[in-house]
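This report refers to the structure that appears directly beneath it.
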Amino acid sequence: MDYEHQDRAPSLGSPAAYLHLVDSRSSHQSQILISLWHNEIFKIGRDPQFNTLAIDDDADLMVSRNHCEVYVIVYEPTVNHIYVRDRKSSNGTFVNGQLIGSGPDITAGYLLQDGDVIEIRPY
C-alpha cells in the first residue's frame, strides 16, 4: 500500500489522504485507491465485522483477524499527519520493509510520509 498525502486544509468534503492498495498475491496485482478521512480509523484485517478492509480470502493466514490500522491526526489546520500501527498481529506490519510492530501489544503509531509502502507479509 502506498500512502499519498493531501497538503491542504481539512474539509468535510475531501479526504485527508489516500492509500493505494496493491494486492501482490496474484499475478495481475489488483489495485484500489482508498480514501482516508479525518476522525476515522481505517482498520485492516481478516474479520469483516471489525475491519474497514476485510481481507478474508487469505489462505496463507498472513493477515491477522485485526492486523493494523491507519488514521489521521490534525495538529495544525493545514497539515494532516497520517499514522499506521500494528494491532497485535502475528506476522507484523511493515513500512518500507521495516517491521514497525507485531505481537501481544498494539504498537505506537508510525508517522507516514508521501510514498511510504505499508506491507502485510510474513517475516
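Rule-based calculations on the coordinates, nothing more; no lab input. Treat the numbers as computed from the prediction; the structure is a model and nothing was measured.
Structure notes:
- Residues whose amide H comes within less than 5 Å of that of LEU112, counting only those at least five positions distant or on another chain, are ILE82, TYR83, VAL84 (H built at 1.01 Å from N in the peptide plane).
- Residue by residue, segment 102-117 carries 3J(HN,Hα) couplings of 5, x, x, 10, 6, 7, 5, x, 9, 6, 8, 10, 3, x, 4, 10 Hz when phi is fed to the Karplus relation 6.51 cos²θ - 1.76 cosθ + 1.60 (θ = phi - 60°); x denotes Gly or Pro.
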